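Here's the structure we're looking at; comments come further down.
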Amino acid sequence: MAPLVEPSAGFKFDNVKRNQLLGDKGYKLPTATKTGTTIVGLIFKDGLVLGADTRATAGPIVADKNCEKIHYLAPNMYCCGAGTAADTEFTTNMISSQLALHSLNTGREPRVVTAMTMLKQHLFKYHGHIGAALVLGGYDSTGPHLFTVYPHGSTDKLPYVTMGSGSLAAMSVFESRWRPGMSRDEGVEMVKEAIEAGIFNDLGSGSNVDVCVITKGNVEYLRNYARPNERVEKEQS
């Protein structure tokens, strides 16, 4: 008989029976921190705008009121993440490292479609067990590009996109008002309003609005661009 060899890669399910037994005995299993989330992106005349809210949840609890959901991938591209917070963080970090090595090997700025291919191949390999739903945007030698990448590995390329639990509220803003050839200020304002639609109409989204504007050779990361939920002084009784 061949010796039992531990798999060198992939998920391990050693603890599935243990968790089932603990659940049957009435113990509460820990929940993963989810980003809840409204994330969006749109293309305007000279580039693209990405946007995200800043609430992270653990079940019904708000775990973080001001987390960052717009992740750095390369100097010319960023990626918004919805789903399980750890999965979005580590997946984007890993692809960022691979893009840096790719750029050093080729001596060129990485293309957005390269990042999209890396992401979709990685997520498809794990059949959706990595809970990362992503909005990828960047500006390369062929112009601005905007993609959505779903946890199972499927992708879309569109001029405006939304993802996350607040995506329907955000999409209503885009569907009614987006048009080709918008200016930078119009794009930023529309992204802000789309994220705010998610914040006010979805319990999984909340707090502030982060915006990232990517144009040819330039990136503006506008952290807490809008704060629609600032606490005010309580009324004295």
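The values are calculated or read from the model by the stated rules, or taken from the named source; none is laboratory data. All values reported here derive from a predicted model rather than from experimental measurement. Here Cβ is always computed from backbone atoms with ideal geometry, including for glycine, and neighbour counts include all displayed protein chains. Remember, those area values only see protein heavy atoms, side chains included, never the ligands or the DNA or RNA. Shrake-Rupley method; radii C 1.70, N 1.55, O 1.52, S 1.80 Å.
So here's what we get for this one:
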| read-out | value |
| --- | --- |
| Residue tally, condition crowded, with 19+ Cβ neighbours inside 10 Å, part of a helix (DSSP H, G or I) and of a type in the set (Ser, Thr, Tyr), over the range 104-139 | 1 |
| Boolean, Val191 is β-branched (Val, Ile, Thr) and touching a Ser or Thr at 6+ places or on another chain (Cβ under 9 Å) | no |
| Subset tally (residues that are closer than 17 Å to Met190 by Cβ, open to solvent by less than 20 Å² (accessible area, probe 1.4 Å) and not polar (S, T, N, Q)) for the range 36-78 | 13 |
| In the range 31-79, the residues that are of a type in the set (D, E, K, R) and in a loop (DSSP other than H, G, I, E, B) | Lys45, Asp46, Arg55, Lys65, Glu68, Lys69 |
| Count of residues meeting criterion [of a type in the set (Lys, Arg) and open to solvent by 80 Å² or more (accessible area, probe 1.4 Å)] in the range 173-222 | 3 |
| Selection within the range 79-103 - within 21 Å of Gly143 (Cβ to Cβ) and either among the charged types (D, E, K, R) or open to solvent by 30 Å² or more (accessible area, probe 1.4 Å) (or both) | His102, Ser103 |
| Residues that are out of contact with any helix residue (DSSP H, G or I) (no Cβ under 9 Å at 6 or more places or on another chain) and modelled with pLDDT of 95 or more, drawn from the range 127-158 | Val135, Ser141, Gly143, Thr148, Asp156, Leu158 |
